[in-house]
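The values are calculated or read from the model by the stated rules, or taken from the named source; none is laboratory data. Quantities reported herein were computed from a predicted structural model and do not represent experimental measurements. For neighbour counting, all protein chains shown are included, and Cβ atoms are generated from backbone atoms with ideal geometry for every residue, glycine included. For accessibility, only protein heavy atoms count, side chains too; no ligands or nucleic acids. Shrake-Rupley method; radii C 1.70, N 1.55, O 1.52, S 1.80 Å.
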Amino acid sequence: DLKTAVAGGVQSMMMNSGQSCNAPSRMLVPAKLHDQAVAIAKEAVANVNVGDPKMKDSTIGPVVSKVQFDKIQALINKGIAEGATLVAGGPGLPEGITAGYFVKPTIFANVNNDMTIAREEIFGPVLCMMPYKDDAEAIAIANDTVYGLSGYVSGGDPKRIAEVANQLRCGNVHVNGAGLDFHAPFGGYKQSGNGREWGEFGFEEFLEVKAVMNT
């Protein structure tokens with residue numbers, strides 16, 4: 001269900017103003033459905049309201065600091081300069097906001113893995129939509145990163161989902177919008193860290209192992 005998958009991905013990316021270590025910042029979509037997915041994403045992001053977190057109609061608040069705000073703004077400008085299609089948002093403060101570290105909910109389309117915004121962890125409300133031609137290319141794009149905390153797979157064929165999920169080089173894979181499970185180990189591959197939290201593997205971080213050798 002393309003609409004459910006794309007709209008859900010947008011909401012997950014914007015949550016906490018994009019400041020989540022496992023945020024789904026790259027959305028890979030079949031090339032033949034790219035434009036349709038972009039239209040769905042544009043509609044979904046229009047429902048994300050930026051403002052004072054104490055206000056009832058605010059969906060997301062500001063990012064954590066001026067340093068982070070400036071980093072996000074620089075990367076948004078970099079995305080534009082490198083040729084990504086700006087679908088929503090962009091640089092500067094949201095309309096009606098004149099102060100604070102608020103970032104416009106931003107979506108880029110036609111992103112490829114050579115672009116800076118696809119390779120760096122933006123850690124802000126910025127989504128990169130990337131077309132692929134088949135599952136093999138999608139897996140190659142997904143794994144072409146120094147990070148490897150969480151991956152997300154949406155589909156209707158359990159066998160195909162399993163085949164894709166098993167080839168992703170990341171510590172967690174969420175299928176069809178599945179959330180976190182505190183019984184499962186949480187942690188990443190590559191530059192996303194070593195060790196695990198939660199589940200049986202989480203307990204191991206607090207244990208010491210002794211080896212006793214006998215002749």
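Assorted remarks:
- Solvent-accessible surface of the chain, averaged per residue with a 1.4 angstrom probe and all protein chains in place: 59 square angstrom.
- Peptides 101-108, 160-167 ranked from most to least packed by the mean count of surrounding Cβ atoms within 10 Å: 101-108, 160-167.
- Cα gyration tensor category, rounded, prolate or oblate, for region 1-67 with a/c compared to 1.5: prolate
- Value of relative contact order over the chain, rounded to a whole percent, pairs C-alpha under 8 Å and six or more apart: 19 percent
- Net length available on complete extension from Lys32 to Arg169 is 46.8 nm, with 0.36 nm assigned per residue and the Cα-Cα distance removed.
- Under the Karplus curve 6.51 cos²θ - 1.76 cosθ + 1.60, θ = phi - 60°, whole-Hz ³J(HN,Hα) for region 32-46, x wherever Gly or Pro sits: 6, 10, 4, 5, 5, 5, 4, 4, 5, 5, 5, 5, 5, 6, 5
- What the Cβ-Cβ distance of Asn77 and Asn194 gives, at R0 = 30 Å and to the nearest 0.05, is a FRET efficiency of 0.35.
- With all protein chains in place and a 1.4 Å probe, the accessible surface of region 59-112 carries 57 percent carbon and sulfur.
- Taking amide H positions as modeled 1.01 Å from N, with prolines and chain starts lacking one, the residues under 5 Å from Tyr132 and 5 or more places away or on another chain are Val29, Ala31.
- Expected 222 nm ellipticity per residue - DSSP helices of 4 or more, -39500 (n - 2.57), all of the chain, to 500: -9500 deg cm²/dmol
- Cross-linked pairs Lys42/Lys104; Lys42/Lys133; Lys78/Lys104: Cα-Cα separations exceed 19 Å for Lys42/Lys133.
- With respect to the chain, whose longest principal axis is taken over its alpha-carbon atoms, helix 2-14 is tilted by about 90°.
- Between region 86-120 and region 4-76, the C-alpha centres lie 9 angstrom from each other.
- Full-stretch length increase - Asn112, Lys42 - with 0.36 nm per residue and alpha-carbon distance subtracted: 23.3 nm
- One decimal place: the segment Lys159-Thr85 gains 23.3 nm when fully extended, by the rule 0.36 nm per residue minus the C-alpha distance.
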